[in-house]
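Readers should treat all values here as calculations from the given coordinates under stated rules, not as data from a laboratory. Keep in mind it's a predicted model, so treat the numbers as computed, not measured. Glycine gets a Cβ as well: all are built from the backbone with ideal geometry, and neighbour counts include every protein chain shown.
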Amino acid sequence: MNKFAYFILLLLAVSAGCNQESGAGKNGSETAKNNGTRAQNDTSLAAKRILMIAELKKMQQAFIAKDVNQIEKYFDFPLADSTMSMFDVNEEFDQVRKGNGGIISRALFIKNFNDIYDYFQMGGFNDLFKAVNIAELKDKTRLENESHVEDEGCYSFYVVQVDGDTVSLQYGTNSDPKYREAHPDQEEVCGESAQQWTFKLEGGRLRFIKETTAG
């Protein structure tokens, strides 16, 4: 092999090595970028979850105090009655609501809050917050608990479910299987019911989306 041919082969070998190093560097850069993006997303999700927990704790205090001025802040008014399972709250409320085309104003909500509170059994919020530890949502997306009383046909259940920016709060009653087994002669042992309230984290606060009643 003459010197010129040898020189050409040497140049090709060096060039190939440089290309491999360049490719490896590019891949390494892309990997680092992707890892950085994932870490940033994880941090953002963690921050949102911490904020959601803080907002739920504020909600807990509002319901403990039964403070309508704090509770109404979770609702955007005017509120469409289609977002709530609302039928017969009281005569005055129902007349005004229907006259407004199913729209509930802030003033109407506040004025009739006690009846609305009873109608939707909002005391269940207090029981729910006592039954689960909201702080555990930092590492979990679902919290649930049940309360059984010996020799009673109903048991109470409580569920908190997080899905992205949305959180659902559910409370209700169901037939106790042990009681049903012990009383096979009773066709119905519990007036089963469930209520689910869905909120979304927007603008740094929880905003009411929808209420659903079953039973």
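Determine which single condition C190 fails, assuming it passes every other condition in (1) surrounded by fewer than 13 Cβ atoms within 10 Å (Cβ to Cβ); (2) touching a Ser or Thr at 6+ places or on another chain (Cβ under 7 Å).
(1)
Spot the failing condition for G101; the list is (1) assigned to a loop (DSSP other than H, G, I, E, B); (2) small (G, A, S); (3) surrounded by 13 or more Cβ atoms within 10 Å (Cβ to Cβ), and only one is missed.
All conditions pass for G101, except number (3).
Between K66, K48, which is closer than 20 Å to T198 by Cβ and basic (K, R)?
Values: K66 fails: closer than 20 Å to T198 by Cβ.
When all the criteria are applied, what remains is K48.
What number of residues within region 52-69 satisfy the criterion of being surrounded by 14 or more Cβ atoms within 10 Å (Cβ to Cβ) and in contact (Cβ under 8 Å) with a residue 24 or more places away in the chain?
Count: 9.
Does N145 fit the bill of being surrounded by fewer than 18 Cβ atoms within 10 Å (Cβ to Cβ), assigned to a strand (DSSP E or B) and either among the basic types (K, R) or without any contact (Cβ under 8 Å) to a residue 60 or more places away in the chain (or both)? Steps first, answer last, please.
On the way: surrounded by fewer than 18 Cβ atoms within 10 Å (Cβ to Cβ): yes; assigned to a strand (DSSP E or B): yes; either among the basic types (K, R) or without any contact (Cβ under 8 Å) to a residue 60 or more places away in the chain (or both): yes.
It is true that N145 is surrounded by fewer than 18 Cβ atoms within 10 Å (Cβ to Cβ), assigned to a strand (DSSP E or B) and either among the basic types (K, R) or without any contact (Cβ under 8 Å) to a residue 60 or more places away in the chain (or both).
State yes or no: is A131 surrounded by 12 or more Cβ atoms within 10 Å (Cβ to Cβ), closer than 30 Å to L45 by Cα and out of contact with any Ser or Thr (no Cβ under 9 Å at 6 or more places or on another chain)? Quick ask: steps written out before the conclusion?
Numbers: surrounded by 12 or more Cβ atoms within 10 Å (Cβ to Cβ): yes; closer than 30 Å to L45 by Cα: yes; out of contact with any Ser or Thr (no Cβ under 9 Å at 6 or more places or on another chain): no.
When the stated conditions are applied, A131 does not pass them.
Are there any pairs, at least 6 apart or on different chains, whose C-beta atoms fall under 7 Å, with the first in region 70-95 and within 23 Å of A214 (Cβ to Cβ) and the second in a loop (DSSP other than H, G, I, E, B), and if so, which?
Cβ pairs passing all conditions: A80/G102; D81/G102; S82/G102; V89/N112; N90/N112; F93/N112; D94/D88.
Residue-by-condition table, conditions (1) under 28 Å from E55 (Cβ atoms); (2) in contact (Cβ under 8 Å) with a residue 24 or more places away in the chain; (3) under 14 Å from the mean Cα position of the chain (by Cα); (4) surrounded by 14 or more Cβ atoms within 10 Å (Cβ to Cβ):
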position: L137; (1), (2), (3), (4): yes, yes, yes, yes
position: S168; (1), (2), (3), (4): yes, yes, yes, yes
position: D176; (1), (2), (3), (4): no, yes, no, yes
position: Q196; (1), (2), (3), (4): yes, yes, yes, yes
position: E202; (1), (2), (3), (4): yes, yes, yes, no
position: R207; (1), (2), (3), (4): yes, yes, yes, yes
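Kindly list, by first and then second residue, each pair from a residue in region 148-166 that is part of a loop (DSSP other than H, G, I, E, B) to a residue that is buried (at least 16 other Cβ atoms within 10 Å of the Cβ) and among the β-branched types (V, I, T), limited to pairs with Cβ atoms under 9 Å and residues at least 6 apart or on different chains.
E152/V189; G153/V189
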